[in-house]
Structure formats: C-alpha cells, structure tokens
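*Asks:* What follows is a single structure, and I will ask about it in a moment.
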Amino acid sequence: MFLVTSNKPKRLLHLSYLQRVIPEELRRGAEDIKALMTDLKPGFRLLADFGRLESMDLACTTEIGRMMEILDQGGVACWCG
C-alpha cells in the first residue's frame, strides 16, 4: 500500500510505504502527489516513511523515478545530512 498526505501549515508532503507495494499503487499515488503539491509552495519538505514496508515489486523503480521528477518539478527542498 502507498499513501500520500500533506500538512500545508508545515509545508510537508508525507509518503508512506506500507506492507507490499506494487507499481499500480505508485502510479495512482503520483496523481495524489500532483494534487497535494498544488497547495504547497516550492521549498516544501518531503518525508518518505518506509518503516512499515515489507516488500516492494522491482518494477516500482520506474514509478519512483517518475515521482522524483514530479517532486523536483514541484520544488521539493533538497536535504543533505
């Protein structure tokens, strides 16, 4: 399962990867990301939670790459640490 939520006041987009994730869920989630980013100004923060992920289909790599492009175009802040 893949869930997308946002916290507009904190300028935060939260991606949750739960149990088994398949490409179709990520494709649908990309649409959710686009919709929620319209409420977030460039420079928003991203939290990706993999804590409850059990497995992910190898074909998800393509969809994750597409999501990264969407997030980059939307102005996600870069965090280095």
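The values are calculated or read from the model by the stated rules, or taken from the named source; none is laboratory data. Not measured: the values here are computed from a predicted model. Counting neighbours? That spans all protein chains shown, and the Cβs are built from the backbone with ideal geometry, glycine included.
*Asks:* Under the condition of being in contact with a Gly (Cβ under 9 Å, 6 or more places away or on another chain) and of a type in the set (A, V, I, L, M), which residue from the stretch 31-76 is farthest from Leu12 (Cα to Cα)?
*Replies:* Met67
*Asks:* For the stretch 63-73, state whether one or more residues are part of a helix (DSSP H, G or I), crowded, with 18+ Cβ neighbours inside 10 Å, among the small types (Gly, Ala, Ser) and free of Cβ contacts under 8 Å to residues at least 40 places away in the same chain.
*Replies:* no
*Asks:* Also, I was wondering about something else. Given the criteria under 11 Å from the mean Cα position of the chain (by Cα), in a strand (DSSP E or B) and among the polar types (S, T, N, Q), does Ser55 qualify?
*Replies:* Judged against the criteria, Ser55 is not a match.
*Asks:* Inside the stretch 1-46, can you point out the residues that are exposed (fewer than 15 other Cβ atoms within 10 Å of the Cβ) and either on the phi > 0 side of the Ramachandran plot or among the hydrophobic types (A, V, I, L, M, F, W, C) (or both)?
*Replies:* Within the stretch 1-46, Met1, Leu3, Leu12, Gln19, Ala35, Gly43 meet the criteria.
*Asks:* Something else: Restricting to the stretch 10-31, what's the tally of residues that are in a loop (DSSP other than H, G, I, E, B) and at pLDDT 95 or above?
*Replies:* Initially, the stretch 10-31 is screened for residues in a loop (DSSP other than H, G, I, E, B), giving 10-11, 22.
Among the residues that remain, those that are also at pLDDT 95 or above are: 22.
So the answer is 1.
*Asks:* Let me ask you something else. Looking at (1) outside any helix (DSSP H, G or I); (2) basic (Lys, Arg); (3) within 24 Å of Gly75 (Cβ to Cβ), find the lone condition where Lys34 falls short.
*Replies:* (1) is the only condition that Lys34 fails.
*Asks:* List pairs: first residue in the stretch 1-27 and touching a residue at least 24 places away in the same chain (Cβ under 8 Å), second residue among the polar types (S, T, N, Q) and exposed (fewer than 13 other Cβ atoms within 10 Å of the Cβ) anywhere in the structure, Cβ distance under 7 angstrom, at least six positions apart or on different chains.
*Replies:* Met1/Gln19; His14/Thr5; Arg20/Ser55
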